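*Asks:* Pasting a structure below so you can have a look.
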Amino acid sequence: MTPTPIIIDCDPGHDDAIALLLALGSPEVDLVGVTTVGGNSTLAKTTANALRILEFAGRSDIPVAAGSDAPLVRRQDTATHVHGETGLDGPELAPAVGSAIDLHAVDYLAQEIRARNGKLTLVPTGPLTNVALLLALHPDARPERIVLMGGSVGEGNRTPAAEFNIWADPEAARRVFDSGIDVTMIGLDVTHQALITAEHGARMRATGRTGTLVAELLDFYGRWHEHMYPDLVGSPMHDPVAVAHVIAPSLVDVRPARIEIDCSWEQGRGRTNVDWRGRHDTPPREGHVVGLGIDADAFAELLIERIASLG
Ligand code: BDR
Ligand code: CA
């Protein structure tokens, strides 16, 4: 089977970092490159963190292109309360040796999409600023599919209405969902079911240095979730689920939907209004797909196995 070429557009971020490692350990996908965006932390930090993870995994051959440091319209909102000052607090991870390539993420994305005649899946796991700018600046460079982590059918996590990635740049999100490209939304409804527990962490730690890194990331990342979501047993693996859906599509229960982004400046700002029940006045939009559930045990096993494969 030919691996699916993917680019992860991310803001590492603990779960972004684990998503990168999951992709590196999975033969079903070919991680062509990594693009970064300001989100969980500033662009300088998310870019350094992407480099640190690739270097840790011995994959500094994979290019990292730095992108947008500010949302299209709103002021930047970071998530230091979840990911710490560095964006990747917890483990002792060496500083990056290499640096990002000399091409803006948006131009790099266009280059790679064109080189493959669009046959590339884009996996955004941060705010959608880079993707919106790609659509605006390079309208001919359209990936055949976007599988993104963001949004929620139900409750948000940054505000009662909004999930962080969409909240961080709602105008960009609207452009992406309105683009006509096939967009699969992996939101909190799915990722809050994809919980990695302390026991899972211990199993990963026992598999080697990569498993130990993931376990240490989880130790830090779990603290905020324990505080905010005492009802959840374990930490939600938001970004890895988007990658896992590309690797093993049947893990996630997906439905056609109609997804609209609230760009008002009211309480609903950043909310993804998702109709998957097919109400007569909001028919599904061509290409819109929403994840609603996941085989959580199978996901955890996949993650543990793929992290273990990295040694
Ligand atoms: C998303 O927000 C970020 O903090 C995580 O990395 C994830 O992409 C979850 O809402
Ligand atoms: Ca992220």
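The values are calculated or read from the model by the stated rules, or taken from the named source; none is laboratory data. Remember, predicted model here, so these are calculated numbers, not experimental data. With ideal geometry, Cβ positions are generated from the backbone for all residues, glycine too; neighbour counts draw on all protein chains shown. Heavy atoms of the whole protein, side chains included, go into the accessibility calculation; ligands, DNA and RNA do not. Shrake-Rupley method; radii C 1.70, N 1.55, O 1.52, S 1.80 Å.
*Asks:* With the cut-off at 1.5 for a/c, could you classify the stretch 153-311 from its C-alpha gyration tensor as rounded, prolate or oblate?
*Replies:* Prolate, since a/c reaches 1.5 and a/b exceeds b/c.
*Asks:* Same structure again: Could you bin all the Cα-Cα distances of the stretch 82-129 into 10 Å bins starting at 0 and give me the percent of pairs in each, rounded to whole numbers?
*Replies:* 18, 34, 34, 14, 0
*Asks:* Among Asn117, Asn40, Asn165, which one shows the highest mean-square fluctuation when the chain is modelled as a Gaussian network with alpha-carbon springs under 10 Å?
*Replies:* Asn117
*Asks:* Put +1 on the Cβ of every Lys and Arg and -1 on every Asp and Glu Cβ in the stretch 4-309; which of His81, Val254, Leu188 then has its Cα farthest towards the positive end of the dipole?
*Replies:* Farthest towards the positive pole: Val254.
*Asks:* Taking a ≥ b ≥ c as the square roots of the eigenvalues of the Cα gyration tensor of the stretch 36-85, is the shape rounded (a/c under 1.5), prolate (a/b larger than b/c) or oblate?
*Replies:* Judged from the Cα gyration tensor, the stretch 36-85 comes out oblate (a/c at least 1.5, b/c at or above a/b).
*Asks:* So if R0 is 25 Å, what FRET efficiency would Asp182 and Cys263 give, r being the distance between their Cβ atoms, rounded to the nearest 0.05? Spell out each step's value before the answer.
*Replies:* Numbers: r = 22 Å, r/R0 = 0.88.
For R0 = 25 Å, the calculated efficiency reads 0.70.
*Asks:* Hey, another quick one. Can you pull the one-decimal nm distance between simple spin-label points at Glu226 and Asp30, each 7 Å off the Cα toward Cβ?
*Replies:* Between Glu226 and Asp30, the label points sit 4.3 nm apart.
*Asks:* May I ask which residue of Gln267, Ile113, Ser309 lies farthest towards the positive end of the charge dipole of the chain, with charges of +1 (Lys, Arg) and -1 (Asp, Glu) on Cβ and the Cα centre as origin?
*Replies:* Sorting the options by dipole projection puts first Ile113.
*Asks:* How long is the gain from Thr159 to Ser99 if the chain were fully straight, where each residue apart is worth 0.36 nm and the alpha carbon distance is subtracted?
*Replies:* 18.2 nm
*Asks:* Okay, next question. If you keep only loop residues by DSSP, which chymotrypsin sites (Phe, Trp or Tyr not before Pro) in the stretch 251-311 have at most 13 other Cβ atoms within 10 Å of their Cβ? Please list the in-between numbers first.
*Replies:* Numbers: sites: Trp265, Trp276, Phe299; in loops: Trp265, Trp276.
Answer by residue number: Trp265.
*Asks:* If you don't mind, another one. At a temperature of 4 °C and a viscosity of 1.567 mPa s, determine how fast the stretch 4-309 diffuses translationally according to Stokes-Einstein, using the Kirkwood radius over alpha-carbon pairs as Rh; express D in µm²/s, rounded to the nearest whole number.
*Replies:* Numbers: Rh = 18.8 Å.
Estimated diffusion coefficient is 69 µm²/s.
*Asks:* Largest first, how would Cys263, Cys10 line up by accessible area (1.4 Å probe)?
*Replies:* Cys263, Cys10
*Asks:* Under a crude label model (7 Å from the Cα following the beta-carbon direction), how far is Glu301 from Arg114 in nanometres?
*Replies:* Here the modelled spin labels are 4.5 nm apart.
*Asks:* Let me ask you something else. Find the relative contact order for the chain and round it to a whole percent, using C-alpha pairs within less than 8 Å whose residues are 6+ positions apart.
*Replies:* Values: 727 pairs, mean separation 59.7, N = 311.
Averaging sequence separation for qualifying contacts and normalising by length gives 19 percent for the chain.
*Asks:* Same structure again: From the square roots a ≥ b ≥ c of the eigenvalues of the alpha-carbon gyration tensor of the stretch 1-137, which class results: rounded (a/c under 1.5), prolate (a/b over b/c), or oblate?
*Replies:* Verdict is oblate for the stretch 1-137.
*Asks:* Using 0.36 nm per residue, how much length does the chain from Ala198 to Asp219 gain when fully extended, once their Cα-Cα distance is taken away?
*Replies:* 6.7 nm
*Asks:* Only Cα pairs under 8 Å and at least 6 apart count here; give the relative contact order of the stretch 99-200 as a rounded whole percent.
*Replies:* 27
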